[in-house]
Structures are given as structure tokens and as C-alpha cells.
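The values are calculated or read from the model by the stated rules, or taken from the named source; none is laboratory data. The structure displayed is predicted, hence computed values, not measured ones. Here the Cβ positions follow ideal geometry from the backbone for every residue, glycine too, while neighbour counts run over all protein chains shown.
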Amino acid sequence: MEALELLLNRVSTPVLADPAPNDQQLDVIYRAALRAPDHGALRPWRFLTVKGAAREQLGQVFQQAGIKDNPDLEEAKFNKLGKMAMRAPLVVVVIARLSEHPKVPALEQQVSAGAAAQNMILAAFAQGIGAMWRTGDMAYHPHVHNRLGLSDNEQIIGYLYLGAMPERLKKVPDLDPADFVSDWSLVE
């Protein structure tokens, strides 16, 4: 796929099915992640793959977090939390690993990990793999962080859901750059 075609036509695919990306495809996806802009060469990211039965276990972790927040959690919400990790055959947890640095603030490190995630979904799309980047309460919940083994200096940037791309993709919105771009000049 041509680079500009990829950049101008990539869409999120919320409905994903088997198969998951194979090892060769995942290698390309992870290599793309490692090319993200990285001020100070800190490599402020790491990735966890969740597949097979581990997806059910992650769903159970989400349910435990839900119960911690609300012991009277409705059954429908409890069940929904359990199914969240089952939305795709592979879930990649993108984690920002933050370091104290005199020239690279935490925000730049978070953005770098976000750029790594963006590179991953672009690499997936270029290979015909569907991808959806999700966050939500379970990306920020301390119980989830604990059960995923995050250190105090780590944060979840997002969950990347990866799987077979549907035959029909949603239409790419036709946004006008002029709605988002303006010239700057010094205001006196």
C-alpha cells in the first residue's frame, strides 16, 4: 500500500474477527512502533500481547475492577466488562514507560508512546489487518494496572484490538484541513 494512500484512508475497524495477525505481521507492526519519534532515545514504551485464553482472563480483571468501583454492579455491565477483551483475536496493551529526564518531560514520553501506537495501527492497516484503538475506564484503573504488572512509572496509552478486517470499511470522513489550520502571526 502506498504511504499516502494509507495515511489518507486508514479507518478504525471496531468489528474484528479471526485470524489474529501472524508472527511475521506482528513483527512488522512492532518494528513500526519502534520508529516512533522519541526525544532523547528513551524508548518510553512497552507492549503486552493478550491472546487466546488470556483475553478471558483480562476480561475477568476488568470485571474485578468494576466490582471494586461498584460492589452492586449491574449484571449487564459486569458481563460487558468481561467481554471487552473478546472484541478481537488479539489485544495489544500499549504502555508508556516514563523516566525522569531533564530535557524530556513526561508529556513528550506519553506522546511518543501514542505515536508508537499510531504507527502500529498504520502498519496493521497497511498489511490488511483491522485495528481499533480503545481506552476507557479500564485503561486508567489501578486494579487493572496492578494485574497487568505495570510499575508506578507506567501508564496505559491504549488497547489496540487487532484482527481480520471486515470486507466493507466505513467511509473515511472528508474533512477540510482549512477547518483546522490557520496562519499565525505575533500579536502585539
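Tell me the residue from 109, 127 that is modelled with pLDDT of 95 or more and more than 15 Å from the chain's Cα centre (by Cα), please. Unique residue meeting the criteria: 127. The one condition from (1) over 19 Å from the mean Cα position of the chain (by Cα); (2) surrounded by fewer than 14 Cβ atoms within 10 Å (Cβ to Cβ); (3) among the aliphatic types (A, V, I, L, M); (4) modelled with pLDDT under 95 that residue 76 does not meet is (4).
Considering only residues that are part of a strand (DSSP E or B) and of a type in the set (Gly, Ala, Ser), look in the range 123-138 and name the one that is surrounded by the most Cβ atoms within 10 Å (Cβ to Cβ). Top of the filtered list is 131.
Return yes when residue 49 is hydroxyl-bearing (Ser, Thr, Tyr), modelled with pLDDT under 95 and either crowded, with 18+ Cβ neighbours inside 10 Å or out of contact with any Ser or Thr (no Cβ under 7 Å at 6 or more places or on another chain) (or both) and no when it is not.
So residue 49 does not fit the description; no.
Does residue 29 satisfy the condition of being among the β-branched types (Val, Ile, Thr), surrounded by 19 or more Cβ atoms within 10 Å (Cβ to Cβ), closer than 22 Å to residue 169 by Cα and at pLDDT 95 or above? So residue 29 fits the description; yes.
Going by what's in this entry, would residue 48 be described as within 17 Å of residue 157 (Cβ to Cβ), under 20 Å from the mean Cα position of the chain (by Cα), part of a strand (DSSP E or B) and aliphatic (A, V, I, L, M)? Steps first, answer last, please.
Values: within 17 Å of residue 157 (Cβ to Cβ): yes; under 20 Å from the mean Cα position of the chain (by Cα): yes; part of a strand (DSSP E or B): yes; aliphatic (A, V, I, L, M): yes.
In short, yes.
Checked against (1) buried (at least 19 other Cβ atoms within 10 Å of the Cβ); (2) closer than 26 Å to residue 67 by Cβ; (3) in contact with a strand residue (DSSP E or B) (Cβ under 7 Å, 6 or more places away or on another chain), residue 141 meets all criteria but (3). Only residues that are under 25 Å from residue 110 (Cα atoms), touching a Leu at 6+ places or on another chain (Cβ under 8 Å) and outside any helix (DSSP H, G or I) were counted in the range 1-42, giving 3.
With respect to the conditions (1) out of contact with any Phe, Trp or Tyr (no Cβ under 8 Å at 6 or more places or on another chain); (2) surrounded by 15 or more Cβ atoms within 10 Å (Cβ to Cβ); (3) assigned to a loop (DSSP other than H, G, I, E, B), residue 99 lacks only one, and its number is (2).
I need the full set of residues from the range 1-26 which are touching a residue at least 40 places away in the same chain (Cβ under 8 Å), among the polar types (S, T, N, Q) and surrounded by fewer than 14 Cβ atoms within 10 Å (Cβ to Cβ), in order please. 9, the sole residue that qualifies. Of the set (1) charged (D, E, K, R); (2) over 20 Å from the mean Cα position of the chain (by Cα); (3) within 22 Å of residue 142 (Cα to Cα), all apply to residue 2 but (3). Tell me, please, whether a residue that is assigned to a helix (DSSP H, G or I) and touching a residue at least 40 places away in the same chain (Cβ under 8 Å) can be found in the range 146-164. Checked the range 146-164: at least one residue is assigned to a helix (DSSP H, G or I) and touching a residue at least 40 places away in the same chain (Cβ under 8 Å).
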